[in-house]
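Remarks on the structure that follows.
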Amino acid sequence: MKACTRSAYGSADVLQVRDIELPTPADDQVLVQVRAASNDRGVWHMMTGLPLVMRPVIGLRAPKVQVLGRAFAGVVTAVGSRVTKYGPGDEVFGTTNAGSWAEYTVAPERLIAPLPSAVSFEQGASLGCSGTSALQAVRVGDVRSGQRMMVIGAGGGVGSFVVSLAAQRGASVTAVCSASKRELVTSLGAEDVVDYAEEEVDARGQRYDVIVDCAGNRPLSLLRRALKPGGALVSVGGEDHPGRLTQGFQWQMLRPLAGVFVRRRVRSVIGKEGGEDLVELGRMIAAGELTPAITRTYSLVEAPDCMRDLAGGHPAGKLVLAIS
């Protein structure tokens, strides 16, 4: 099969689309013909091996898994002996630790869900990492109808889902993003847009019931000024920092501790994959309640270009590979 691989950490220049052996599913895994896969910041981390604190898990000197990618959608072609929910021909979506930027992948039964017939493979592939993280952020923030909410990094993969989900719940959403993404976030349900190049999140003096921060590059003191007393700050990601060791992941641990002293509910979300969240997101898309913001689709041979686009800046919405 063809797959996008790398044998060393680095930029998109280390990626190669080449022929490798077809994987064999373990007892608790399914073998899937991948029809679509998506890109996100987590895949970039896997490619670069940064921050360095990840290396004991993903490989100290070189990646343990050579195929890149996490989230996918496709068709089951074989199952392990302990798999009970799926069989050949079933359409599924979810995540894998074996790499999804390939014509085939294997995934544990617990990390996938049935793909509804009204949901495309590209839409399903966009949900496995970004969609589930966004749904969990909205849930942790207890977003409700009538609330005023700010989403920082609203035009990205996770942020675009947060805007849609919050608007669907009836919140009044202010999106913080670049001016180039204004049309996208308003189409997703944002009622107001703050161009971060022109003003800071507290510049208008308004205070919000909930802030979901998908960028992680602002101090807690600044976010506190934009948040109502007793309001909720939810951090998702928080890696937009220099430095090879942690790249800001420490904010995921430290911000909730700091919240004790500022009369705010401060929470961090590290997306839990699989389970009922996939089912719920699939149901919402099938019902017309949610539409993933897929802004560009690449072929498998264009996978290095897909990663260059992600690494080169802050692309709008989700980037997806259509594989077969």
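See the values below:
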item	result
Of residues in the stretch 293-323 being assigned to a loop (DSSP other than H, G, I, E, B), out of contact with any strand residue (DSSP E or B) (no Cβ under 6 Å at 6 or more places or on another chain) and under 26 Å from Lys2 (Cβ atoms), the one modelled with the highest pLDDT	Pro315
Matching entry among Val185, Val193, Val201 (being buried (at least 23 other Cβ atoms within 10 Å of the Cβ) and closer than 14 Å to Met149 by Cβ)	Val185
Close pairs (7 angstrom Cβ cut-off, 6 or more residues apart or separate chains): in the same structural domain as Gly155 (by TED's automatic domain parsing) in the stretch 213-229, crowded, with 16+ Cβ neighbours inside 10 Å and among the aromatic types (Phe, Trp, Tyr) anywhere	Gly216/Trp251; Ala226/Tyr208; Leu227/Tyr208; Lys228/Tyr208
Condition broken by Gly59, with the remaining ones in (1) surrounded by fewer than 17 Cβ atoms within 10 Å (Cβ to Cβ); (2) at pLDDT 95 or above satisfied	(2)
Residue count for the stretch 40-68, restricted to those that are touching a Cys at 6+ places or on another chain (Cβ under 9 Å) and either assigned to a loop (DSSP other than H, G, I, E, B) or small (Gly, Ala, Ser) (or both)	3
Residue count for the stretch 114-161, restricted to those that are β-branched (Val, Ile, Thr), in a loop (DSSP other than H, G, I, E, B) and in contact with a Leu (Cβ under 8 Å, 6 or more places away or on another chain)	1
Test: residue in the stretch 31-43 that is buried (at least 17 other Cβ atoms within 10 Å of the Cβ), under 21 Å from Ala113 (Cα atoms), touching a residue at least 24 places away in the same chain (Cβ under 8 Å) and touching a Pro at 6+ places or on another chain (Cβ under 8 Å)	yes
Filtered residue count, the stretch 63-87, keeping only those that are free of Cβ contacts under 8 Å to residues at least 40 places away in the same chain and either in contact with a His (Cβ under 6 Å, 6 or more places away or on another chain) or under 23 Å from Gly275 (Cβ atoms) (or both)	4
Residue ID - surrounded by the fewest Cβ atoms within 10 Å (Cβ to Cβ), chosen from residues in the stretch 69-98 that are touching a Pro at 6+ places or on another chain (Cβ under 9 Å) and in a loop (DSSP other than H, G, I, E, B)	Lys85
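The values are calculated or read from the model by the stated rules, or taken from the named source; none is laboratory data. As the structure is a prediction and not an experimental result, all values here were calculated from the model. As a convention, Cβ positions derive from the backbone with ideal geometry for all residues, glycine included, and neighbour counts pool all protein chains shown.
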